[in-house]
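Here the structure is laid out as structure tokens; the discussion comes afterwards.
Every number here is computed from the coordinates shown, using simple stated rules; none is lab data. Every value quoted in this text rests on a predicted model; they were computed, and no experiment measured them. Cβ sites come from the backbone with ideal geometry, for glycine too, and all protein chains shown count toward neighbours.
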Ligand SMILES: Cc1cc2nc3c(=O)[nH]c(=O)nc-3n(C[C@H](O)[C@H](O)[C@H](O)COP(=O)(O)OP(=O)(O)OC[C@H]3O[C@@H](n4cnc5c(N)ncnc54)[C@H](O)[C@@H]3O)c2cc1C
């Protein structure tokens with residue numbers, strides 16, 4: 001059991017595992033990841049695993065692009081499958097404005113060397129024969145992204161990090177953090193660990209973990225649904241999987257799952273959870289499904305994909321994930337608390353976790369991140385944002401779903 005390390009990472013979801021992996025890649029292996037239950041037992045285990053290259057801002061695309069690359073590297077180094085399905089993605093343009101915004105991403109993808117095409121409605125129909133393309137203006141197409149198995153990707157990163165010398169402690173809840181003159185004391189139910197650096201990768205648990213230090217982070221959990229259908233006729237005879245679809249009109253994503261469809265919804269009126277504190281006994285739990293709340297969106301999914309309306313729903317997962325007031329993660333050092341680093345606040349943590357691990361690890365090991373991305377800096381909300389302010393902002397950013405910010 002570790003008692004003194006250079007860096008302790010708290011939280012064993014996709015983000016904590018990615019940070020641990022990248023710290024090791026950059027030479028920092030005197031590390032321990034501390035997880036209160038099992039790896040992935042927060043939001044990661046129930047995620048759909050969608051890993052697109054298409055971020056909400058051109059700059060954020062770099063975190064998305066780094067993620068698939070990270071998981072593939074970790075897979076090769078650990079021999080643990082990440083279950084990558086390279087289906088490609090279509091981002092539908094519901095308006096002319098959206099299509100114009102998609103054109104503005106071209107340079108970003110060219111710089112990154114990632115294939116990116118603007119497709120006409122008839123090209124979209126050829127790529128995805130179940131879509132009714134009569135009301136769309138086209139789509140952005142990223143043919144080399146897809147989805148991973150989130151548990152597989154987490155274990156690949158964790159195992160590859162361990163092979164380089166990192167340690168992992170499971171079933172060891174962190175109960176408190178105490179600063180001393182030159183290090184942190186990480187208190188756990190199984191004894192304390194001292195560390196020069198502490199990385200908070202504890203998602204929506206981070207708010208309560210940091211509050212005793214006088215640090216107010218606006219990280220809150222909302223519920224989020226995904227639905228899996230019965231088999232869709234004709235999918236079994238196709239040579240390739242359908243591309244994943246993201247649609248601002250229905251505020252949903254739809255991808256192939258086995259021979260059925262998997263639909264994730266961003267409702268216009270999201271439901272929060274754990275506002276008064278995350279229940280101490282919360283384990284690998286899901287909430288009761290509330291499909292009625294999703295109906296306005298599902299009706300639009302049927303408009304886009306009439307075959308969906310004919311299918312029975314096999315599984316509904318309603319789980320928690322973490323949101324910040326602007327929908328972007330919190331990454332980097334916390335001001336006035338030397339050695340305390342944030343890696344929390346991910347609502348697309350599978351899509352951005354790997355790249356975020358790379359970003360934070362460069363900052364910690366080399367003194368600065370390898371790319372310039374102030375939009376995610378952990379100090380951007382200050383310390384005084386109230387719960388009411390944060391909730392209002394999160395409601396609006398969640399409800400925006402796949403609509404891009406006006407500035408693009
Ligand atoms: C239904 C649904 C579908 C989703 N689909 C996708 C998708 O397709 N693509 C995508 O990118 N994202 C998706 N997400 C979001 C994704 O699940 C999260 O963004 C991601 O899992 C966050 O990873 P994380 O490591 O930040 O948090 P978590 O996975 O929640 O990990 C945090 C960890 O910290 C641990 N922890 C907390 N407190 C302590 C403590 N005191 N001591 C020790 N350990 C502690 C927890 O036990 C937990 O394991 C989906 C979410 C939902 C709900």
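Its alpha carbons give region 293-400 an Rg and a Dmax of 18.4, 57 Å. Compactness of region 8-130, taken as the C-alpha radius of gyration over 2.2 N^0.38 Å, stands at 1.30. Kindly list the residues of region 188-220 that lie in the label zone of residue 175, defined by a backbone N under 20 Å from the point 7 Å along the Cα-to-C-beta vector. Backbone N within reach: 188-195, 202, 205-214. Extents of region 84-169, taken as max minus min of Cα coordinates on every principal axis and listed largest first, are 53, 30, 18 Å. Distance between the 7 Å Cα→Cβ label points at residue 372 and residue 1: 4.7 nm.
If one computes P(r) from the Cα atoms of region 326-380, what percent of pairs lie at distances over 15 Å? Each step should come with its number before you reach the end.
Numbers: 622 of 1485 pairs.
The calculated P(r) of region 326-380 puts 42 percent of pairs beyond 15 Å.
Ranked by how many other Cβ atoms sit within 10 Å of their own Cβ, fewest first, the residues 402, 266 fall in the order 402, 266.
For each of 187, 358, count neighbouring Cβ atoms within 10 Å of the residue's Cβ, then give the residues from fewest to most. Write down the numbers at each step before the final one.
Values: 187 14, 358 26.
Taking fewest neighbouring Cβ atoms as first place, the list is 187, 358.
Note on the chain: GNM, Cα springs under 10 Å; of 240, 31, 40, the largest mean-square fluctuation is that of 240. Please list log₁₀ I(q)/I(0) at q = 0.19, 0.24, 0.30 Å⁻¹ for region 37-83, using the Debye equation with identical point scatterers on the alpha-carbon positions. Summing over Cα pairs of region 37-83 leads to -0.77, -1.00, -1.06. Volume of the convex hull of region 1-49 (Cα atoms only), normalised per residue: 67 Å³. Taking 0.36 nm per residue of separation and subtracting the Cα-Cα distance, full extension of the segment from residue 386 to residue 192 would add 66.7 nm.
Restricting the calculation to Cα atoms, every distinct pair contributes to the Kirkwood radius of region 235-301, found to be 14.6 Å.
The equivalent ellipsoid that matches the C-alpha gyration tensor of the chain spans semi-axes of 35, 22, 20 angstrom, in descending order. Among 317, 347, 107, the residue with the largest mean-square fluctuation in a Gaussian network model of the chain, with springs joining Cα atoms closer than 10 Å, is 107. Dividing the convex hull volume of the alpha-carbon atoms in region 168-210 by its residue count gives 78 Å³ per residue.
How many Å³ per residue does the convex hull of the Cα positions in region 191-284 occupy? All intermediate terms of the calculation are to be shown ahead of the outcome.
Working: hull volume 19.5 nm³, N = 94.
Considering the Cα atoms of region 191-284, their hull volume per residue is 207 Å³.
Would you mind telling me the antiparallel percentage of the DSSP bridges in the chain, rounded to 5? Mind dumping the intermediate values first?
Working: 48 of 69 bridges.
Just about 70 percent of them are antiparallel.
Note on region 274-350: percent of Cα-Cα distances in each 5 Å bin, starting at 0 and stopping at the bin with the largest distance, equals 3, 10, 13, 16, 17, 15, 9, 7, 5, 3, 2, 0. Ranking of 10, 302, 265 by neighbouring Cβ atoms within 10 Å, starting from the fewest: 302, 265, 10.
With N the number of residues in region 59-128, Rg(Cα) / (2.2 N^0.38 Å) evaluates to 1.36.
Take the Cα pairs of region 352-408, get the Kirkwood Rh, then feed it into Stokes-Einstein at 25 °C and 0.890 mPa s and tell me D in µm²/s. Could the numbers behind the result be given before it?
On the way: Rh = 13.9 Å.
So the translational diffusion coefficient is about 177 µm²/s.
Estimated purely from DSSP H runs of n ≥ 4, each contributing -39500 (n - 2.57), the mean residue ellipticity at 222 nm for the chain is -8500 deg cm²/dmol once divided by its residues. Highest mobility in the GNM of the chain, judged by mean-square fluctuation with C-alpha springs under 10 Å and restricted to 39, 112, 334, is found for 112.
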